[in-house]
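We did not get these values from a lab; they are worked out from the coordinates using the rules stated. Keep in mind it's a predicted model, so treat the numbers as computed, not measured. Here the Cβ is made from the backbone with ideal geometry for all residues, glycine too, and neighbour counts use every protein chain on show.
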């Protein structure tokens, strides 16, 4: 894929009023989600659940892309149609999570580095054959008393940049995801500082590895108060701090930024995105790449009765996609 083709895929991923649905939970993570609704974590249940999500009628109205897991990109509907074909026919771009998860960073207790570069070139070639057009790699930055260290930020930025360069070589748009976690009692200002340092390190590393920003998408956290902070920033404070941070650290040549929901409530994730877009225009489109905030309400319905609630669960997926699509335009209204 040429840089022009990478650019057009990246731009389609952040088309106006559309965002990404993340259905790339690992087998361990989906188990936690299934446990919460008393659904056994079997391969068939995982397949059936993902089929419910991706066959949602009119999904492509507000969803531009779907991030899949290794197991999921190889699966098909009960009728035998590959998931990638269902998505493509619905106008949704198939993507794939390619990292191997965050592991303890040796020498830095409590800090993590994402692994998965070994053998990545070959894995990417396989995913291209399966129909993937973009990929995702998530780095995890934890805020604590003495963390994150500069070493942790740099190690993760370097890995993200190596991954991104390999993606573009393979003809895939890299989605780079440095997530500063909400866990902790830090305030908004601390989250701002850590997020800014992380993004600056990331874009420095991408530049050093000759990654073409025009064919890259950033997925990042919003600047929010830590989950246990007694003083929680309100919607406008979060939106203002996040925009200020992005303008300070993210080059304007990037085609777009999508936010992760990162443990926010469904409504908070939508309200924050909406407020940011009402503060525009910005150098880049701001949209969403939500997992839990797109799925949690539908999972509860589906988990109660997989057959009887199937249509209702899909209607909930479509509603959440529509609400977040409106928020990506700054047109969402609470209770709408």
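Evaluate the distance, in nm, between pseudo-label points positioned 7 Å from the Cα of residue 149 and of residue 183 along their respective Cα→Cβ axes.
1.8 nm
For residue 227 and residue 3, calculate 0.36 nm times their separation in residues minus their Cα-Cα distance, and state this gained length in nm to one decimal.
Extra length from residue 227 to residue 3 when fully extended: 76.6 nm.
Project the alpha carbons of the chain onto their principal axes and report the range along each, largest first, in whole Å.
The Cα atoms of the chain stretch 50, 45, 40 Å along their principal axes.
Taking other Cβ within 10 Å of each residue's Cβ, how do 220, 245, 229, 167 sort, fewest first?
The most exposed by this proxy come first: 229, 245, 220, 167.
Return the whole-Å distance between the Cα centroid of region 202-242 and the Cα centroid of region 246-295.
9 Å
Tell me the mean residue ellipticity at 222 nm calculated for the chain from its helices only (DSSP H runs of n ≥ 4, each -39500 (n - 2.57), averaged over every residue, nearest 500).
-14500 deg cm²/dmol
With the cut-off at 1.5 for a/c, could you classify region 73-176 from its C-alpha gyration tensor as rounded, prolate or oblate?
Here region 73-176 falls in the prolate category.
When a footprinting reagent is the concern and you count Cβ atoms within 10 Å, what order do 296, 225, 36, 261 take, fewest first?
So the ranking, lowest neighbour count to highest, is 36, 296, 225, 261.
Between residue 300 and residue 235, what FRET efficiency comes out of the Förster formula 1/(1 + (r/R0)^6) with R0 = 25 Å and r the beta carbon distance, rounded to 0.05? Display every interim value, and only then the final one.
Numbers: r = 25 Å, r/R0 = 0.99.
It comes out at approximately 0.50.
Going 7 Å from the Cα of residue 41 along its beta-carbon direction, which residues of region 48-88 have the amide nitrogen within less than 20 Å of the resulting point?
The answer is 48-53, 68-75.
How much FRET efficiency would the formula 1/(1 + (r/R0)^6) give for residue 70 and residue 310, where r is the Cβ-Cβ distance and R0 is 30 Å, rounded to 0.05?
Between residue 70 and residue 310 the formula returns 0.75.
Need the full-extension length gain, residue 248 to residue 278, defined as separation in residues times 0.36 nm minus the C-alpha distance. One decimal, nm.
Using 0.36 nm per residue and subtracting the Cα-Cα distance, I get 8.9 nm.
Give me the number: length gained by fully extending residue 319 to residue 106, i.e. 0.36 nm times residue separation minus the C-alpha to C-alpha distance, one decimal in nm.
72.3 nm
Quick check: the distance between the Cα centres of region 118-165 and region 60-112, to the nearest angstrom?
14 Å
Within a 10 angstrom radius of the beta carbon, how do 203, 259 rank from fewest other beta carbons to most?
203, 259
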